[in-house]
Amino acid sequence: MGMIFYNLLYNFLRFLVVVLSPILDKKTNAWIELRHNGEIFKTSVSPNSKKLWIHASSGEIEYAKSFIREFKKSQPEAQIFVSYSSLSAPLLFKNIAGDVTQFFPLNWDITSDNDKLLDFIKPDLLIFSRTDYWPNLITQAHRKNIKLATIAANPTRSILSSFWLKFCCSGFKYMSCVEENQVKYLQKLLPYTKVEFIPDTRFDQVFHRLQQKSLVQLDASQKRITLGSTWPKDDEVIKPLAFKLINQGYSLVWAPHDIKHAPELLNDLKNRLPRKKIIKLADFNGSETFDILIVDRIGVLADFYRFSKISFVGGSFVSKVHSVMEPLCAGNFVIVGPYFANNPEAIAFKKNKLVKSVKNQHQFLDAVDYFEKHEDQLIDLKLRTESKKGGSLKTVQAISEILKF
């Protein structure tokens, strides 16, 4: 009955979107067009190798990257196929392209499309990274005796979430979760699925990135604060503090979440601080000193964290903080605004006073002062972040054992 209702609703919405496409915006039409992509069928699929199909809507691929890397170490001849359903997903694939046989967008969640894909790839295992479950795909994979699993689950404990998980995942063989207190909840919800806690696999990905050559270079001896992924509301809180922070000996690396705001931010800070040296990354020669460096380029923020000891992570004066994992793993104390409940790492490391939540400018300065006086706690920070390593290898081992891969 559940699948009948789902298909009726899904097909009605699909029909509605297609019919209304002439009056919808370009982005929505590009998403609709994505549903008709057939690139996957041009791929060479080896009938003799193990085949893994991983689905990640978009950002969920971050939970699978280090797992994919570890899996290829243990099964170098295996073919890995990664599907996605968001237009932004391909931007995130560059650093795992060498380990993946093919990336491809999923078509509609209907029987004909799913059958073609499943019969073409013939995966030994279908894994959903984090979330974005497709009920028809799951049902058809189950009917074809294709084993199913989820990695890095972290569901909310609402009635709707519980219903959706039970509806989609009852036939799954394995599920890993990133919070230890989720195990009993998920095991009760999915009694025939093996559920276990495994540390967040993104820690492995972040540490892997830190082992690579930095895309930027700064004087590591200089006192520096990195302001990462800031939104205009975050900027309005911090701008009046810039003069005082600079006079305390700090230089600031300021990376707006949307680099389109970089010119406006640059001009505003120059007007506020006419005697300070404020430059943008595009004009930075790599060796000159500065008071404020505005990052007007994507893909480099993680490397700037290597050259600071204190960071502020944006979004936290708006509604949801961005990931604090990268600055923590790079050895930074982290300051966040009042909105950080969406981030498990911010919550966990706040308990150890390695993350400070602030509500105003006065508390921001107090947090900087506290971290400066307790720099010895960076040793504790390093131990705690490094203890999170190994989740990807544990996930590979667990799946190999459970699924006899």
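Can you work out which of the residues in region 83-103 that are under 20 Å from residue 35 (Cβ atoms) and among the small types (Gly, Ala, Ser) is surrounded by the most Cβ atoms within 10 Å (Cβ to Cβ)? This residue is 83.
Scanning region 235-252 turns up no residue that is assigned by TED's automatic domain parsing to the domain that holds residue 304, over 30 Å from residue 69 (Cβ atoms), acidic (Asp, Glu) and in contact with a Ser or Thr (Cβ under 9 Å, 6 or more places away or on another chain). Residue 260 fulfils the conditions (1) without any contact (Cβ under 8 Å) to a residue 12 or more places away in the chain; (2) under 27 Å from the mean Cα position of the chain (by Cα); (3) closer than 15 Å to residue 226 by Cβ except for a single criterion, (3).
Selection over region 174-215 of residues that are basic (Lys, Arg) and either surrounded by 22 or more Cβ atoms within 10 Å (Cβ to Cβ) or under 20 Å from residue 69 (Cβ atoms) (or both) gives a count of 3.
Looking at residue 40, is it modelled with pLDDT under 90 and part of a helix (DSSP H, G or I)? Yes. When restricted to residues that are part of a loop (DSSP other than H, G, I, E, B) and of a type outside the set (D, E, K, R), region 98-115 contains 6.
Taking region 261-293 as the search range and keeping residues that are outside any loop (DSSP other than H, G, I, E, B) and touching a Leu at 6+ places or on another chain (Cβ under 8 Å), which one is nearest to residue 239 (Cα to Cα)? Per the stated criteria, the residue is 292.
Scanning region 31-58 for residues that are farther than 27 Å from residue 69 by Cα and exposed (fewer than 11 other Cβ atoms within 10 Å of the Cβ) yields a single hit, 36.
Residues considered: 300, 313, 295. Of these, the only one that is under 19 Å from residue 241 (Cβ atoms) and within 19 Å of the chain's Cα centre (by Cα) is 313.
Looking at 320, 280, 270, just one residue is closer than 26 Å to residue 346 by Cβ and free of Cβ contacts under 8 Å to residues at least 24 places away in the same chain, and that residue is 320.
The values are calculated or read from the model by the stated rules, or taken from the named source; none is laboratory data. From a predicted model like this one, the values you see are computed outputs, not experimental measurements. In this analysis, Cβ positions are derived from the backbone assuming ideal geometry, glycine residues included, and neighbour counts consider all displayed protein chains.
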